[in-house]
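Everything on this sheet refers to the single structure shown next.
Read-outs throughout are calculated quantities, based only on the coordinates presented, and are distinct from any laboratory measurement. Remember, it's a predicted structure, so these values are computed and weren't measured experimentally. All Cβ positions, even for glycine, are placed from backbone atoms using ideal geometry, and neighbour counts span all protein chains on display.
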Amino acid sequence: MKKIADLDRSTLGILGLILAVILFFSVNVIAAFTLKNYRLDLTQEKLYSLSEGSVRAINQIQEPITIRFYLSGKLAKVSQIHATYAVRVIELLEQYASASDGKIKLEIIDPEPFSKQEDEALTYGLKGIPVGNSSEYVYLGLTLSNSSDRRRTIALLDPSRERFLEYDITKYLTDLTRAKRPTIGIISTLPIDGRGEPHLMYPKYHPRWAVMNVVRDIFNVRFISRQTLDIPADIDVLMLVNPKKFNEETLYAIDQHIMRGGNMLVLIDPFSETEVALGEVPYSIRPDIDKLLDNWGISFDPSHFVADTILARTVTHNENEKSVQTKFPPWLSVNETYLSPEDPVTNAISTINLAYAGKFEVTKKIDDLTVTPLIFSSKDSELLPAIDGLSPDPAAMLRNFTPDGKNMIMGLRIKGTPNSAFDKAPTRNFLKQRPEAHIPKALAPVNIILIADSDFLADKFWTTKSNMLGVEQLYPFAGNADLIVNALDNLSGAASLIDLRSKAEWRRPFTVIENLALNAGRKYRAQETLLFTELQAAQARLKELTQRSSNENKELLSREDQSEIQALQERIIVLRSSLRSVQNILSRDIFALQSTIILLNVIFVPVLLVIIALFVSWRRRVRRLQAR
């Protein structure tokens, strides 16, 4: 100890640094071997931890599951991005195996070119990445199989879909552990499952919507005619998409499905963009399930849609022959603030995008039924006529916007044992397949989920696609498909995937910036509206005077009219200039707000930390000098 005390401070500092480096590497080596199964995930969304849904799926495994991860040793030479991603995949798969207590067996296989393992990978449907111009391929994919050799395959693991990795694995894990897939019966007036053939002229070809690929990946799907006289007994959940043009017999069949204890998901729409694209008139046909809704104490207005400036999505449109970005009130991006946190269908979703959604209202309390709202608008919302959707003008909607000051219900759940909406079977139901007598009250508690939109299933509202080496990949930017699958999972009694889907959409917006931008927009919106109104009036007066001058049967314009025309033309120029100035000021203020907040986060906070560190160092130095 005396020798150490005799050393000068420089030598002691060097020795301490060397010991710190040795300690650092020693701790890491020991931790790598002894703490391999212990992890600390500090991300807010817990992106690197197994979710409760995955753990539940693992606990439900009754027979051994084998995961074969095909990883080529030469992958790093072809794509360093894929090779780095492979490490993340291995880490996640090891978590599955570790949590399964031996029920999941993990095999990592290197399918070398022209080997038996490569032949096996190709047999299972894996897609290889070509190595340059050679005939060799490298692989990054996996298969899951159970003891009965049922197999699910992820043909190519795409690094850009990393946040969906756990969901994809647990989805297939759940599918393999189910004794039987739930069956979803669908009655739809929209071509959600595709229509026609690509090579045929008629009927016009419509590809299958991406949401149906997601649904078919998890459930058995059976489409049912709109003229059906009976809902088959093996249907676990009945799904109605834009329900219209039902006859009385079909409506009765739906009612009796519910009376037998059947659950149902209904997507009802006041204005369907898809119908407009198909050449139909969406707002003229009243939905046919009013009789059922009224029986449950619910009303739905098919003549109006919800517009909301808080939740409105930003779109690009032409205004004054310029392309500008503005809020579009009928297109809503509903965030978690307006999704029920208590309901398992919505509490794990961060955002859903709706289009021309309608409004539900609870009109009366029905015995043995409870109604729970799931999806709301903000209080800065109003109802607009459905016909406005045919030729929407975003700028006009914002100028004329008058909020109702209350949250509107756009989605809800009904639970309980409802009475039948019919006193007896329709007299014309002579072809009914079921011999049972009319059921006046539900035999068991039922679950019914109503959503006041159907267009949100369309691809453009929630996902983009790419085709990589023949494998179609989805890149969701909203949780629309998650909402549908969550609802079907919940209604069919298979809810292990619900909380897991929250990782599939983890957008982290600058909410402060968005709110400041919205307030800045309100600040100038009134001024913009006044200028626009005056501009319209001036243009209308100028048009009136101009038409009078071009009418040969009228006398020539008086000097006062000519003076007024000149004054109007000058005033129009001034108004247009003022209107552009207001819009430019709005854009400038929003940009300034964004720049200020980003500057505070990127520069001010680090500078503040440096100042605090220097202050602490200075205080310590002063104390040492005072101690001497």
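So the values come out like this:
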item	result
Residues with amide H under 5 Å from that of Tyr70, placed H, sequence gap 5 or more	Ile109, Gly141, Leu142, Thr143
Amide H contacts under 5 Å for Trp331, placed H, 5+ residues apart	Arg313, Tyr356
Lys105 long-range amide H proximity, modeled H, under 5 Å	Ile65, Thr66, Ile67
Separation in nanometres of the label points that stand 7 Å from Cα toward Cβ, at Leu278 and His317	2.5 nm
HN-Hα J in Hz across the range 69-79 - Karplus 6.51, -1.76, 1.60, θ = phi - 60°, x for Gly and Pro	9, 8, 10, 6, x, 8, 4, 4, 6, 8, 8
Listed residue pairs exceeding 26 Å between alpha carbons, taken from Lys74/Lys116; Lys105/Lys171; Lys327/Lys379; Lys327/Lys365; Lys171/Lys327	Lys327/Lys365; Lys171/Lys327
Distance between modelled label sites at Thr337 and Ser79, nm, 7 Å Cα→Cβ extension	3.9 nm
Ser225-Ala99 pseudo-label distance in nm [points 7 Å out on the Cα-to-Cβ vector]	4.6 nm
Cα shape, the range 220-373, gyration tensor, a/c 1.5 rule	prolate
Gain in span if fully extended, Ser135 to Gln325, counting 0.36 nm per residue against the direct Cα distance	63.5 nm
Additional length obtainable on full extension of the chain from Gln60 to Arg150, 0.36 nm per residue less Cα span	30.7 nm
Linear extension gain, Thr464 paired with Ala444, 0.36 nm per residue minus alpha-carbon span	3.1 nm
Tensor-based shape of the range 154-233 (alpha-carbon gyration tensor, a/c under 1.5 rounded, otherwise prolate or oblate)	oblate
Vicinal HN-Hα couplings computed from phi for the range 214-231 (Karplus, 6.51 cos²θ - 1.76 cosθ + 1.60; Hz; Gly/Pro x)	5, 5, 5, 6, 10, 10, 7, 10, 9, 8, 10, 5, 5, 9, 4, 9, 7, 9
Karplus 3J(HN,Hα) series, Hz, for the range 384-392 with 6.51 cos²θ - 1.76 cosθ + 1.60 (x for Gly, Pro)	10, x, 4, 5, 5, x, 6, 9, x
